[in-house]
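Okay, structure first, notes after.
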Amino acid sequence: MEQPDTAAAAEDEPQHTMFTEHPDADRVMLPRPHADLRLPYDQVLYARRTHRDLTDDPVPLSTLATLLSTVFGPTQNPHQTS
């Protein structure tokens, strides 16, 4: 049985990108996060709770910046020495 050419097969598939670009969208400069996120991972997991008392209050920009930089930002502390 003949094996398909994987390079040729990959060229036929659509290319996926991790992020969608919106060049005409407004840009919001986020503040540098100041949160000290040093709790051990297991302690954070055990302490988390679900709250259903939501409000219409907006999330503060500093909180959003901390969340985004923690999830999408660098994975090592630039000030940490190995």
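The values are calculated or read from the model by the stated rules, or taken from the named source; none is laboratory data. The shown structure was predicted, so the numbers you read here are calculated from the model rather than taken from an experiment. Because the Cβ atoms are built from the backbone with ideal geometry, glycine has one as well, and the counts that use them run over all protein chains shown.
In the stretch 50-63, the residues that are touching a residue at least 12 places away in the same chain (Cβ under 8 Å) reach residues that are assigned to a loop (DSSP other than H, G, I, E, B) with C-beta atoms within less than 7 angstrom, at least six apart or across chains, in these pairs: Leu61/Leu30; Leu61/Pro31; Ser62/Pro31. In the stretch 1-39, the qualifying residues are those that are of a type in the set (S, T, N, Q) and within 18 Å of the chain's Cα centre (by Cα), and the one that is modelled with the lowest pLDDT is Thr17. If you go through the stretch 45-64 and keep only what is aliphatic (A, V, I, L, M) and closer than 17 Å to Met29 by Cα, you end up with Val59, Leu61, Leu64. Checking each residue in the stretch 40-82 for being part of a loop (DSSP other than H, G, I, E, B), surrounded by 10 or more Cβ atoms within 10 Å (Cβ to Cβ) and modelled with pLDDT of 80 or more picks out only Pro60.
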